[in-house]
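The values are calculated or read from the model by the stated rules, or taken from the named source; none is laboratory data. As the structure is a prediction and not an experimental result, all values here were calculated from the model. Cβ: placed from backbone, ideal geometry, glycine included. Neighbour counts: every protein chain shown. Accessible surface is based on the protein model in full, side chains and every heavy atom, while ligands, DNA and RNA are left aside. Shrake-Rupley method; radii C 1.70, N 1.55, O 1.52, S 1.80 Å.
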Amino acid sequence: MKKVSKIILLVLLLLIIVSGLAFYYWTQQTYSPSSTLTKLVDEDEITYFEDWLVFDSKGEGQTKGGIIIYPGAKVEPEAYSYYGQELSKRGYLVAIPNVRLNLPILEVDKAEEIIDKYATVEDWFIGGHSLGGVAASSYAKEHSDIITGVFFLGSFPSDNNDFSNSSISILSLFADKDGLTTLDKIDETGNLLSDNTVMKEIRGGNHSQFGVYGKQKGDGEATISVVEQQHIVIESILDWVNNE
C-alpha cells in the first residue's frame, strides 16, 4: 500500500512539473513588435530604466502628467512604443513595463516603481491593452488617491473592480473588428464603468492593432491600417487627458 502511495505521489509530482514547464514555455511565446514599428519609432527616443521603457516628456515647461501602459498578455512592451513616442512629444511622461512571465496580471502593482521614481509628476493615468487593462484597472481601483484616470484599449475591468460608484475618469477605446474583446464583452461590462466614462468605438480596427505586433490568433480582420488605428488611439488619449 505504501509503495502504491509513493508511486501516486511521484506521478502527481511529475504532472505538476510538466504542467509548470508547459505553462512557462507558453508564456515565453510572445508577440514581438512587427517591422512596421521600425518605420514609426526612433529607438533613440526610448530610455530603458531597469525593466521599463520610458519616454521622457518633450513638451516645453513642466511635464503635464504621467501615462503608464500595461502591455497585453504575452505582448512585448516595445509593441506599444509608438504611443510612448508620440504622447511624450505632447508633454507627457510615458512608461511601459516588462512584466513577470509576460503576464501583467501577475504584477498589478508594477506601476508603483515608476510613480515612486518620478515623484514630482502630479497626475497619473494608467491603462492597458487587453489583460493589461484588467491589471491596470485593478491598480487604479486600489490607488484612487494616486490615479487621476484609467483607460482601456480593447479591454474592460474585471467584476471585482467595479467603478460604477466611483467618479474616476475612464476612457474605453474598443474596435468593431476585435475578435478577442468583442463588442458583446464591452456591452456586458459597461455597468462596471463610472459615470465619468468616455467610450469610443474605432471603426475598422481590431484587437492586435492596439499594439504593433502583427496579427493575433483569433482576432478579426481590420479594415484600417495599424498606423490609422494607432493615431486614433493617440489622439483619443490626448483629448481625454488634456481635459482632466
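Rounded to the nearest 20 debye, the dipole magnitude of region 139-197 is 160 debye, with +1 charges on Lys and Arg beta carbons, -1 on Asp and Glu beta carbons, and the Cα centre as origin.
For semi-axes √(5λ) of the Cα gyration tensor in Å, the value calculated from this model appears in (i) 32, 22, 16; (ii) 26, 21, 17; (iii) 32, 20, 20 under label (iii). For the residues Leu171, Leu180, Leu21, a GNM of the chain with alpha-carbon springs under 10 Å puts the largest fluctuation on Leu21. Dividing the mean sequence gap of close Cα pairs (under 8 Å, 6+ apart) by how many residues the chain holds gives a relative contact order of 15 percent. Label sites at Asp44 and Asp145, each approximated as a point 7 angstrom past Cα along Cα to Cβ, lie 4.3 nm apart. Placing unit charges on the Cβ atoms only, positive for Lys and Arg and negative for Asp and Glu, gives the chain a dipole magnitude near 1240 debye about its Cα centre. Taking every Cα-Cα distance in region 149-244 and sorting them into 10 Å bins from zero, the calculated P(r) comes out as 17, 48, 31, 5 percent. Given their separation in residues at 0.36 nm each and the Cα-Cα distance between them, Ala119 and Asp187 gain 20.8 nm when the chain is fully extended. Annotation: per residue accessible area for the chain equals 49 Å², rounded to a whole number [probe 1.4 Å, protein chains only].
Placing dummy labels 7 Å off each Cα toward the beta-carbon, the span from Thr27 to Leu13 is 2.3 nm. For region 34-169, the orientation-averaged shadow of the C-alpha convex hull comes to 8.2 nm² (one quarter of the hull surface).
A straight line joining the Cα centroids of region 115-145 and region 160-230 runs 18 Å. With the cut-off at under 15 Å, measuring from each backbone N in region 180-217 to a point 7 Å along the Cα-to-Cβ line of Asn165 picks out 192-195.
Would region 183-233 count as rounded, prolate or oblate if I go by the C-alpha gyration tensor, calling it rounded below 1.5 in a/c and otherwise prolate when a/b exceeds b/c, oblate otherwise? Numbers along the way, then the final one.
Values: a/c = 2.56, a/b = 1.69, b/c = 1.51.
Prolate, since a/c reaches 1.5 and a/b exceeds b/c.
Would you please classify the overall shape of region 96-161 from the alpha carbon gyration tensor, given that a ≥ b ≥ c denote the square roots of the eigenvalues, rounded means a/c under 1.5, and beyond that prolate means a/b larger than b/c while oblate covers the rest? Oblate. In terms of the Cα gyration tensor, with a ≥ b ≥ c the square roots of its eigenvalues, is region 80-124 rounded because a/c is under 1.5, prolate because a/b exceeds b/c, or oblate? Oblate, because a/c is 1.5 or more while a/b does not exceed b/c.
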